[in-house]
Amino acid sequence: MDSLTDTSNIRNITPQCSCYSCGFSAGQILSLSRLIEQDARKEERDADPLRGLKVAITIDDLFLWKGVPWPDGYSPSSVTKALVEAFAHQGLQGIHAFTATAPAADDPKLLSIFDDWVGAGHHVGNHTHFHSNLNWVSPQGYIRDIELGEKDIARWLSMSSVKYFRYGQDGWGNTREKYDEVQAYLKRNAYQAAPISAWFYDTEFIAPHVRCIRCGDADAIKVVQEAFVETAVQQLRSHARLAAATLGRTPPLIFLMHATPLAQDCAERVIERLVSGGVEFVSLDTAMQDPFNSGDPGLITPKFYNKTQKWAATRNLYLEECPPSILERLDSIHPQSGPSTQQMMTSIFEPIAREVGGTYTLKQY
């Protein structure tokens, strides 16, 4: 069954609201679905930068984070299983997962997921313990978070030929002093920082997805799934165009997907779409050989920028539709059934910032 039409996860849900109380009608759901289709057709008419594009797919947060709501039918284990199966179906091995380990402090059994991941031929990298963002905290507090993460994953980290670290939210520091101090620490401890050079804001889909599930609205869930897949493909295209405009060539891109409930349902569909579009998957090691990914753009910024956006900004070039407009539309679905994206993310990451002695700030686009 196509993952976009599989509603088995919601069949036992009792709706907690009605479309009337939410003020969101079936007609609005249909209209949103048509907008997604129109955007997809426009992209297909244009010259497709996906053809021949080299992509290293990476996964963040196999456990997600403390405080995230897990709907019935979804768990870190079930999402990981779906990702492993999706990669296996396409013959992809050696995928790196970067996971903040704080949820395992409450549930140590979560660590066994690393056994499943590595057993399937994939790799584990450090992503801190709490998932702090260097923009929020002191470099000393951030380094302590890195060290806590390494203690949790040391056994699996040692199985990789390269000791990779990924900054939480790809935040490399909002001051030169922070950046230099943490980079020096990583170098002393034989880490190589693995950046993100393409993402699709997939964590922004969590709140609308949860609300639709709570409402028991199968049509709305399918719209969110469709939007997830289309946004992944469109954002990779946008990043490829921006990278090519910046460099005059198209480098390999390091693409991020989080281990969200939607990834359980849609990851295989995303991969299939990229393969059919002409993407060539490569390893993280291969992508890191290009200075576009391994080099330093020299840009220190508080903005929520990945590596492609940073290189581009040094040339006064910027990602089109950032963030994607679909996110605002999705956040209007069933608003009475749960928190908005901003409310949910604040409830998750504000306590994380406090855990490491910092102050949470909203993303700046």
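Would you mind stating whether residue 254 is of a type in the set (A, V, I, L, M, F, W, C) and surrounded by fewer than 23 Cβ atoms within 10 Å (Cβ to Cβ)? Don't jump to the end; show me each part of the working.
Details: of a type in the set (A, V, I, L, M, F, W, C): yes; surrounded by fewer than 23 Cβ atoms within 10 Å (Cβ to Cβ): no.
When the stated conditions are applied, residue 254 does not pass them.
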Counted residues, region 133-172 - those being assigned to a helix (DSSP H, G or I) and either in contact with a Lys or Arg (Cβ under 9 Å, 6 or more places away or on another chain) or open to solvent by 10 Å² or more (accessible area, probe 1.4 Å) (or both): 16
Positions within region 178-202 being assigned to a helix (DSSP H, G or I) and touching a Pro at 6+ places or on another chain (Cβ under 7 Å), in sequence order: 178, 181, 182
Region 275-286, subset farther than 16 Å from residue 50 by Cβ and part of a helix (DSSP H, G or I), residue least open to solvent (accessible area, probe 1.4 Å): 284
Lone unmet requirement of (1) within 17 Å of residue 86 (Cα to Cα); (2) open to solvent by 10 Å² or more (accessible area, probe 1.4 Å); (3) among the aliphatic types (A, V, I, L, M) for residue 259: (2)
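Among the residues of region 317-355, write down those that are under 20 Å from residue 149 (Cα atoms) and open to solvent by 20 Å² or more (accessible area, probe 1.4 Å). Give the derivation first.
Step one: list which residues in region 317-355 are under 20 Å from residue 149 (Cα atoms), which gives 348-355.
Matches in region 317-355: 350, 351, 354, 355.
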Cross-chain or 6+ apart pairs with Cβ under 8 Å, region 164-177 first and within 24 Å of residue 283 (Cβ to Cβ) and of a type in the set (Ser, Thr, Tyr), then part of a strand (DSSP E or B) and at pLDDT 95 or above: 164/96; 164/98; 164/123; 164/125; 164/126; 164/192; 164/193; 167/193
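How about region 280-293: which of its residues are out of contact with any His (no Cβ under 7 Å at 6 or more places or on another chain) and in contact (Cβ under 8 Å) with a residue 40 or more places away in the chain? Lay out the reasoning, then the answer.
The first filter runs over region 280-293 and keeps only residues out of contact with any His (no Cβ under 7 Å at 6 or more places or on another chain), leaving 280-283, 285-293.
280, 281, 282, 283, 285, 286, 287, 288, 292, 293 - these are the residues of region 280-293 that are out of contact with any His (no Cβ under 7 Å at 6 or more places or on another chain) and in contact (Cβ under 8 Å) with a residue 40 or more places away in the chain.
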Residues satisfying the stated conditions in region 191-207, i.e. aromatic (Phe, Trp, Tyr) and surrounded by fewer than 23 Cβ atoms within 10 Å (Cβ to Cβ): 191, 201
Residue match in region 298-318 (condition: assigned to a helix (DSSP H, G or I), touching a His at 6+ places or on another chain (Cβ under 7 Å) and under 25 Å from residue 124 (Cβ atoms)): yes
Flag for residue 243 being at pLDDT 95 or above, part of a helix (DSSP H, G or I) and closer than 23 Å to residue 286 by Cβ: yes
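Return the residues of region 96-121 that are in a loop (DSSP other than H, G, I, E, B), open to solvent by less than 10 Å² (accessible area, probe 1.4 Å) and without any contact (Cβ under 8 Å) to a residue 60 or more places away in the chain; say none if nothing qualifies.
First, pick out the residues of region 96-121 that are in a loop (DSSP other than H, G, I, E, B): 100-102, 107, 120-121.
From what is left, the residues that are open to solvent by less than 10 Å² (accessible area, probe 1.4 Å) are 100-102.
101, the sole residue that qualifies.
The values are calculated or read from the model by the stated rules, or taken from the named source; none is laboratory data. Since this is a predicted model, take the numbers as computed values, not measurements. Neighbour counts run over all protein chains shown; Cβ positions are idealised from the backbone, glycine included. Only protein heavy atoms, including side chains, enter the accessible area calculation; ligands, DNA and RNA are left aside. Shrake-Rupley method; radii C 1.70, N 1.55, O 1.52, S 1.80 Å.
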